[in-house]
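**Student:** Structure below; questions to follow.
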Amino acid sequence: MQVVQGDITKIAADAIINAANSSLLGGGGVDGAIHRAGGKTILEECKAIVARLGRCPTGEAVITTGGNLPAKYVIHTVGPVWNGGKKQEEEKLADCYTNSLKLAAAHRLTSIAFPNISTGVYRFPKEKASRIAVQAVRNFMQGSNEIMQVIFVCYDEENFNLIRKYLDYF
Ligand code: ADP
């Protein structure tokens, strides 16, 4: 596991993870940035997934190609909206990381980049979110035979410092 500060749309990984919403139709923040940089094929693939399977539930993940991005694939996962912590937000955030990694493994993808899911518009407390992110990725790696390189791509310095702290801590 590694951490960098920057823009995830510039990362040439096998897959970058998108902090999507359940409509999969794009939005603000990192979702908007990925769709802008990746072009319209990503949105078309998302629409086809919704037509087939319906909206993507919180904590789950789906995969599209990377369109014009340097990444080969985009894994779209729906983070929980923070509602005070009594609506299983912590479990659902961990599910986002675990289900994204399971999907990556199923597609034999080995380099994966995550943004700080739910810590923008969805208001998940950054300290808690960083601990959950690092723990969930570590648990997945310890429990599977997959060899994966996971990079946390933090847009803001606060998340960068928090992820660095928890990478040292665990
Ligand atoms: P959510 O709705 O899951 O909270 P946001 O996109 O609002 O999603 O925010 C999630 C995180 O993504 C925030 O920490 C935000 O700073 C970060 N972010 C925004 N743009 C980018 C980008 N281009 N690359 C990486 N992270 C980004």
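**Student:** I'd like to check something: does region 14-35 contain any residue that is touching a Phe, Trp or Tyr at 6+ places or on another chain (Cβ under 6 Å), touching a residue at least 12 places away in the same chain (Cβ under 8 Å) and either under 22 Å from ALA105 (Cβ atoms) or more than 9 Å from the ligand (Cβ to nearest atom) (or both)?
**Tutor:** yes
**Student:** Restricting attention to region 77-100, report how many residues are of a type in the set (S, T, N, Q) and touching a strand residue (DSSP E or B) at 6+ places or on another chain (Cβ under 7 Å).
**Tutor:** 3
**Student:** With the structure loaded, tell me whether LYS47 is surrounded by fewer than 19 Cβ atoms within 10 Å (Cβ to Cβ) and in a helix (DSSP H, G or I) or whether it fails that test.
**Tutor:** Here the answer is yes, as LYS47 does meet what is asked.
**Student:** Just to check your reading of the model, which residue among SER118, SER111 is open to solvent by less than 60 Å² (accessible area, probe 1.4 Å), among the polar types (S, T, N, Q) and closer than 18 Å to GLY32 by Cβ?
**Tutor:** SER118
**Student:** Oh, and also: Name every residue in region 60-91 that is part of a loop (DSSP other than H, G, I, E, B), open to solvent by less than 10 Å² (accessible area, probe 1.4 Å) and within 22 Å of VAL121 (Cβ to Cβ), in order of residue number.
**Tutor:** Pass one, region 60-91, residues part of a loop (DSSP other than H, G, I, E, B): 60, 66-72, 79-88.
With open to solvent by less than 10 Å² (accessible area, probe 1.4 Å) added as a condition, the list becomes 66, 71, 79-80.
The answer is GLY79, PRO80.
**Student:** Go through region 106-146 and give me each residue that's within 16 Å of the ligand (Cβ to nearest atom), assigned to a loop (DSSP other than H, G, I, E, B) and within 27 Å of PRO70 (Cβ to Cβ).
**Tutor:** PRO115, ASN116, ILE117, SER118, THR119, GLY120, VAL121, TYR122
**Student:** Scan (1) part of a helix (DSSP H, G or I); (2) open to solvent by less than 30 Å² (accessible area, probe 1.4 Å) for the single condition ASP95 breaks and write down its number.
**Tutor:** Of (1) part of a helix (DSSP H, G or I); (2) open to solvent by less than 30 Å² (accessible area, probe 1.4 Å), only one is false for ASP95: (2).
Condition check ((1) more than 25 Å from GLU158 (Cβ to Cβ); (2) within 12 Å of the ligand (Cβ to nearest atom); (3) in contact with a Ser or Thr (Cβ under 9 Å, 6 or more places away or on another chain)) across all residues:
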position: GLY6; (1), (2), (3): no, yes, no
position: LYS72; (1), (2), (3): yes, no, yes
position: GLY85; (1), (2), (3): no, no, no
position: GLU90; (1), (2), (3): no, no, no
position: ALA94; (1), (2), (3): no, no, no
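**Student:** Between residues in region 136-162 that are among the polar types (S, T, N, Q) and residues that are open to solvent by less than 70 Å² (accessible area, probe 1.4 Å), which pairs lie under 6 Å by C-beta distance while being six or more apart or on different chains?
**Tutor:** Here the result reads GLN149/SER111; ASN159/ASN116; ASN159/LYS126, each pair linking region 136-162 to a residue that is open to solvent by less than 70 Å² (accessible area, probe 1.4 Å).
The values are calculated or read from the model by the stated rules, or taken from the named source; none is laboratory data. Nothing here was measured: the structure is a model prediction, and the numbers come from that model. All Cβ positions, glycine included, derive from the backbone under ideal geometry; neighbour counts span all protein chains shown. The accessibility values were calculated without ligands, DNA or RNA, using every heavy atom of the protein model including side chains. Shrake-Rupley method; radii C 1.70, N 1.55, O 1.52, S 1.80 Å.
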